[in-house]
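Notes follow once the structure below has been shown.
Computed from the coordinates by the stated procedures, all read-outs in this text should not be read as laboratory data. Note that the coordinates shown come from a computational prediction; the quantities given were computed from them, not determined experimentally. Methodologically, a virtual Cβ is constructed for each residue, glycine included, from the backbone with ideal geometry; neighbour enumeration extends over all protein chains shown.
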Amino acid sequence: MRFSIFSLLRHAIGGTPWPEQWRSPEPKAAYDVVIIGAGGHGLATAYYLAREHGIRRVAVLERGWLGGGNTGRNTTVIRSNYLRDESAAIYEHALKLWETLAQELNYNVMYSPRGVMMLAHSVHEAQVFKRHVHANRLNGVDNEWLTPSEAKAFCPPLNISPDLRYPILGAALQRRGGVARHDAVAWGYARGANALGVDIIQNCEVTGISRMPSGPVNAVETTRGRIAARKVAVVAAGHTSVVLAMAGVRMPLESYPLQALVSEPVKPVLPCVVMSNSIHAYISQSDKGELVIGAATDAYVSYSQAGGLHVAEHTLEAICELFPTFRRLRMLRNWGGIVDVTPDRSPIIGLTPVPGLYVNCGWGTGGFKATPGSGHVFAATIARGEPHPIVAPFALERFRTGALIDEAAAAAVAH
Amino acid sequence: MLLIDCPWCGARPENEFRYGGEAHIARPQDAASLDDAAWTAFLYMRNNPKGRHAERWRHIHGCGRFFNCLRDTVSDRIEATYKPGEPAPQ
Ligand SMILES: Cc1cc2nc3c(=O)[nH]c(=O)nc-3n(C[C@H](O)[C@H](O)[C@H](O)COP(=O)(O)OP(=O)(O)OC[C@H]3O[C@@H](n4cnc5c(N)ncnc54)[C@H](O)[C@@H]3O)c2cc1C
Ligand SMILES: [Zn+2]
């Protein structure tokens, strides 16, 4: 079924229940492609495999429920103003897809380009941001420099007093950046993939990856039995090291808990996304009215899917300094996800040393924004068996060749 | 916040320490003779296990010394801390 004003009206007036948006099939014995992990990236990959490459014998296996990993836990900041050419290419590819994603999926992903403003608190930072602005413009990515009073005009509750512990010297603004509804992204891709024949199999944990004596993958072992596959794609975020170890592949990844928290809902007070790398804080307001605040990662590797309270506290101190009016808000809930961090803070996408085994991981603290673009180019990579030009620089190989894509500065705040 | 037992100072809160990554990764003696794969493994590849993890910590706001720690990465429970040079408890 398609969503439209008429279908909405009919269900509102008639009171008929909405049909299920995707099937819950039993796993088949074999598929052309098995995708491990039904987060946004895995589901988008399945959708584009079916839609753009005609590969429809596809299963997405998920140990929990779809979208229950980082996709459903993130703070949904979207932007594409990364420094390096390779990064600008992939994040901007994603941003362009965000702009029409709701229409493409016939599902409201609530993409809201309300602007992402990054604050500079020191001369050094101001210079770095200006360099980013210029590099971005050369790559056709919008980004502009604002003075403190221009920043205040764009975001009125911001405290630009020179008496701040870390005063604001200016800001970089990407107007096309913004937020989207994370669950809707997972659900929209799941619904679209399902309609094209993809099997989404939840409560199905992959416990082993099986290989032929000559090397290539041929099946996965799961809690719901063995499933044969010609190609296997691992899109398991924080669990990537664990899953790839099943095929004997070691990864340059470390998994850390990353937290976020929301306040009680209030009327619209914050018109854009504001982030600060140096004091580590970022904040936006959801359509429900909650202030959505992202904290840092814990210091150590962990799969606990929670985080230390002192980490969240530290972020709140910074938020209250930047926005004194938020001091009296109560926090409603906090949670954590497990993010897979690479040495250069750029993702790893493409082939692995094992034939037929593909990986898309290492998005760390900032991969939600890339979801449509990542799925799109990863699907092309799996379909053709060779890297799509946009993903080629992100190969696992780069840690051997030394051609790292250093985005440590862009990713300094966890978003 | 973890409570970490520094082998020299005793139990102290996590924010007195800095995490130092996976333990027992020895720098190769003769780096020039390594091939790229071995050098990559030393520089970048990590076990990142879901379970028992041997890791380094440094008591930066205390005695300043490095030591090793065995921790379960699912429960975050610390099993043991031990001095550098000592083998990991079994
Ligand atoms: C608190 C927080 C805030 C964030 N904020 C932002 C932000 O503002 N902007 C941004 O761009 N990014 C942000 N991120 C990062 C972003 O959430 C991730 O990079 C992105 O969602 C990763 O998507 P994914 O589909 O790869 O992973 P996930 O959504 O985590 O999906 C991976 C799936 O694999 C499944 N899986 C794992 N092991 C197995 C197995 N053995 N068998 C079957 N299934 C398995 C998991 O259950 C999971 O559902 C944030 C992350 C967190 C935690
Ligand atoms: Zn000490």
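Descriptive notes on the structure:
- The set of residues from the stretch A:227-248 being over 13 Å from A:G208 (Cα atoms), within 14 Å of chain B (Cβ to nearest Cβ) and either over 20 Å from the mean Cα position of the chain (by Cα) or hydrophobic (A, V, I, L, M, F, W, C) (or both) comprises A:A236, A:A237.
- Listed by first and then second residue, the pairs with beta-carbon distance under 6 Å, at least 6 apart or on different chains, first residue in the stretch B:10-35 and of a type in the set (A, V, I, L, M, F, W, C), second part of a loop (DSSP other than H, G, I, E, B), are B:F17/B:H59; B:L34/B:P28.
- Options A:R328, A:R333: the member that is free of Cβ contacts under 8 Å to residues at least 40 places away in the same chain and more than 14 Å from chain B (Cβ to nearest Cβ): A:R328
- Residues of the stretch B:48-90 satisfying the condition of being more than 22 Å from A:D340 (Cβ to Cβ), in a loop (DSSP other than H, G, I, E, B) and within 14 Å of another protein chain (Cβ to nearest Cβ): B:H59, B:I60, B:H61, B:R77
- Unique residue being surrounded by 16 or more Cβ atoms within 10 Å (Cβ to Cβ) and small (G, A, S) when the list is B:G10, B:G20: B:G20
- Top-ranked residue of the stretch A:1-56 - restricted to ones that are among the charged types (D, E, K, R) and in a helix (DSSP H, G or I), ranked as farthest from ligand 1 (Cβ to nearest atom): A:R10
- Number of the condition not met by A:Y82 [criteria: (1) buried (at least 21 other Cβ atoms within 10 Å of the Cβ); (2) over 30 Å from A:A38 (Cβ atoms)]: (2)
- Residue among A:V301, A:V292, A:V311, A:V341 that alone is more than 13 Å from every other protein chain (Cβ to nearest Cβ) and away from ligand 2 (no atom under 16 Å from the Cβ): A:V292
- Annotation note: of A:A237, A:A295, the sole residue that is surrounded by 22 or more Cβ atoms within 10 Å (Cβ to Cβ), near ligand 1 (Cβ under 8 Å from one of its atoms), within 17 Å of A:V311 (Cα to Cα) and aliphatic (A, V, I, L, M) is A:A295.
- Checking A:L270, A:L261, A:L316 one by one, the residue that is assigned to a strand (DSSP E or B) and either within 30 Å of A:F399 (Cα to Cα) or not polar (S, T, N, Q) (or both) is A:L261 and no other.
- The residue pairs whose first member lies in the stretch A:146-171 and is under 15 Å from A:K130 (Cα atoms), whose second member is in a loop (DSSP other than H, G, I, E, B), and whose beta carbons are closer than 6 Å, counting only pairs six or more residues apart or on different chains, are A:P148/A:I160; A:P148/A:I168; A:I168/A:I160; A:G170/A:T147.
Each row is one residue, and each column tells you yes or no for (1) facing chain A (nearest Cβ under 9 Å); (2) in contact with an Asp or Glu (Cβ under 8 Å, 6 or more places away or on another chain).
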| position | (1), (2) |
| --- | --- |
| B:M1 | yes, yes |
| B:I4 | no, yes |
| B:W8 | no, no |
| B:Y19 | yes, yes |
| B:A23 | no, yes |
| B:A26 | no, no |
| B:D30 | no, no |
| B:D36 | yes, no |
| B:W39 | yes, no |
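- Of all residues making up the stretch B:41-51, the number that are more than 16 Å from ligand 1 (Cβ to nearest atom) and either in contact with an Asp or Glu (Cβ under 6 Å, 6 or more places away or on another chain) or among the β-branched types (V, I, T) (or both): 1
- With respect to (1) surrounded by 15 or more Cβ atoms within 10 Å (Cβ to Cβ); (2) within 16 Å of ligand 2 (Cβ to nearest atom), the lone exception for B:E86 is condition (1).
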